[in-house]
Structure formats: C-alpha cells, structure tokens
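Below you'll find the structure, written out as structure tokens, and then a few comments.
The values are calculated or read from the model by the stated rules, or taken from the named source; none is laboratory data. Keep in mind that what you see is a predicted model, and the values were worked out from it rather than measured. Because the Cβ atoms are built from the backbone with ideal geometry, glycine has one as well, and the counts that use them run over all protein chains shown.
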Amino acid sequence: MPVNDPIGDMLTRLRNAARAHHDRTVMPSSKVKVEVLRVLKDEGYIADFAVHERQPQNELTVFLKYGPDKKPVLQGIQRVSKPGLRRYVTSKNIPHVLGGMGIAIVSTSRGVMADGEARKQNVGGELICTVY
C-alpha cells in the first residue's frame, strides 16, 4: 500500500524503533530521507545510516543511538509540515526547539539543514520536523 507522507512514515519508524529499543530499522529510500538522516547523524541523534541498492526501490538502514543507561538519544521527533498543510518559515521565524535543546530540520533552497545552520546562512524554507 502506498504511503501518502513518506517523510512522516520515516519519522514514525524512527520513533517506534527508538521506543522499542531496536538497534536498527529499515525503510524505503529517497533523496530527501537521506538528507534528513544526514542532518540527524551530524547532530548526533542517530549513530549511522546506510543505503542499499535494491529493485524496484533502494532501502535505508538506520542505526539508532542510545545513552549509557540504554535511554534512546532520539527522545521525540515530530512532523511539522505535512502534505495537507505545508509550513514555511523565514530564517528569523525558525523555532527554537525546547529552548535550544532540540533541533528543527528545514528544507531550504541550499539543501536540507538544521535550524542553526539555516539561521547562520540566513535562509528559510519548509519546516520538515522538530527533533529532541
């Protein structure tokens, strides 16, 4: 069955896997998903990810990260801009997630990036999700 919101599906798979203490999760791949995962890895929310060549669609394997007490690093991840209601923000209106303790992932004209990088480059765009 086709998924209407592939990014929302990816975020749900990550959230469920972290809550169930799985070490990895597998999902269909796309360029935007790879970019979102790159930001999550750079910001330290996931350990790593790998793209596997498959037919008809490539697959992503995401390796989750846990703290010393087996508590998941990825505590919460929420979709903000949905297919039915897109959310766009200017660089000045990018939200500070949990007072700076979390990040917002923004799809800009210069690529997908974390909120801090988008503010530094003074670009806005579609607010994909918030992570903490």
Of the residues in the stretch 4-20 that are aliphatic (A, V, I, L, M) and surrounded by 15 or more Cβ atoms within 10 Å (Cβ to Cβ), the one that is nearest to GLU126 (Cα to Cα) is ILE7
Log entry, pairs with first residue in the stretch 100-111 being in contact (Cβ under 8 Å) with a residue 40 or more places away in the chain, second being among the small types (Gly, Ala, Ser) and surrounded by 15 or more Cβ atoms within 10 Å (Cβ to Cβ), beta carbons closer than 6 Å, six or more apart or on different chains, reads ILE103/ALA114; SER107/GLY125
Restricting the search to the stretch 102-132, which residues are in contact with a Leu (Cβ under 8 Å, 6 or more places away or on another chain) and not in a strand (DSSP E or B)?
TYR132
Of the numbered conditions (1) modelled with pLDDT of 95 or more; (2) farther than 22 Å from LEU85 by Cβ; (3) over 12 Å from the mean Cα position of the chain (by Cα), SER30 fails exactly one; give the number of that condition.
(2)
Breaking point among (1) on the phi > 0 side of the Ramachandran plot; (2) assigned to a loop (DSSP other than H, G, I, E, B), for GLY99
(2)
Is it true that some residue in the stretch 53-61 is modelled with pLDDT of 95 or more, of a type in the set (Asp, Glu) and in contact with a Pro (Cβ under 7 Å, 6 or more places away or on another chain)?
yes
